[in-house]
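Comments concern the structure below.
The values are calculated or read from the model by the stated rules, or taken from the named source; none is laboratory data. Please read these numbers as outputs of a predicted model, since none were measured by experiment. Glycine gets a Cβ as well: all are built from the backbone with ideal geometry, and neighbour counts include every protein chain shown.
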Amino acid sequence: MVLVAPRNPLNIGAAARAMSNFGCPELRLVNPYQVAFREARSAVGASEVLAQACEYSSVAEAVADATLVAGTTSLGPRALEHPLRRLESAGRELRRRLAAGEPVALLFGSEKYGLSNEDLAHCHWLVRIPARQEHGSMNLGQAVAVCLYELIRSPRAAAVAVARPRPAPAGEVERISARLLEALEAAGYVNPKTRASSALKVRRMLRRMNIPARDTPVWLGMLRQMLWKMRGGGEGSGGG
């Protein structure tokens, strides 16, 4: 991550924190505003990233070892002389280059002006975070975080099915249905004339909920306690 002429130490700290979150340790700064940014309080848990950050006097020096330089932009009124990619598309190419071991630099401009035309001249192409047109400029630390997430996210990992808890057996769900129907009758919710249709609705509703087996004792305990209280029980029995 290369921050060009950042002005606010808190933004530098927030960027460093995002880098630490997503496992990107190498921060480079081009002519940062000379306040004690290495002690920025916003870099929670990322003091090492700030301590090891390198400072450069020019973009050329900061990206000298990179085989791909991508600059970030919010578009704005100026005409662009570079290919422009949305972050999703850029992320795929950047991930491919990084996986191949290539040094890649992602440039972020100052909070006030963004990247200058001179800065952009060092870029191979530009990246745009798809923010809405009426408010396209993002906070520096947030922009770094969004870009880093796109770089580390794995579509394959996202496609892996999440382990689901074992569902309750039909017999246990039927016990819950019976207890719930009793509780509804005791509370006056179920009309005796429509009990049969209410029972069908309760059964269907509970089965749509896909109650996990581990939760059946809790369901039965709650309903048992409710029935005990509604039928004139004294102080709480402590569950069960």
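So the values come out like this:
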{"read-out": "Selection from segment 83-128 of residues that are closer than 15 Å to residue 64 by Cα, aliphatic (A, V, I, L, M) and in contact (Cβ under 8 Å) with a residue 40 or more places away in the chain", "value": "105, 106, 107, 120"}
{"read-out": "Criterion violated by residue 203 - all others in (1) assigned by TED's automatic domain parsing to the domain that holds residue 65; (2) of a type outside the set (Asp, Glu); (3) in contact (Cβ under 8 Å) with a residue 12 or more places away in the chain satisfied", "value": "(1)"}
{"read-out": "Every pair of residues 6+ apart whose Cβ atoms lie under 7 Å, when the first sits in segment 132-149 and is closer than 8 Å to residue 14 by Cβ while the second is surrounded by 17 or more Cβ atoms within 10 Å (Cβ to Cβ) and aromatic (Phe, Trp, Tyr)", "value": "140/108; 144/108"}
{"read-out": "Output for segment 23-50, where each listed residue is modelled with pLDDT of 90 or more and either more than 22 Å from residue 65 (Cα to Cα) or part of a helix (DSSP H, G or I) (or both)", "value": "none"}
{"read-out": "When residues of segment 134-150 are limited to those that are outside any loop (DSSP other than H, G, I, E, B) and modelled with pLDDT under 90, the one surrounded by the fewest Cβ atoms within 10 Å (Cβ to Cβ)", "value": "134"}
{"read-out": "Residue check for residue 131: surrounded by fewer than 19 Cβ atoms within 10 Å (Cβ to Cβ) and hydrophobic (A, V, I, L, M, F, W, C)", "value": "yes"}
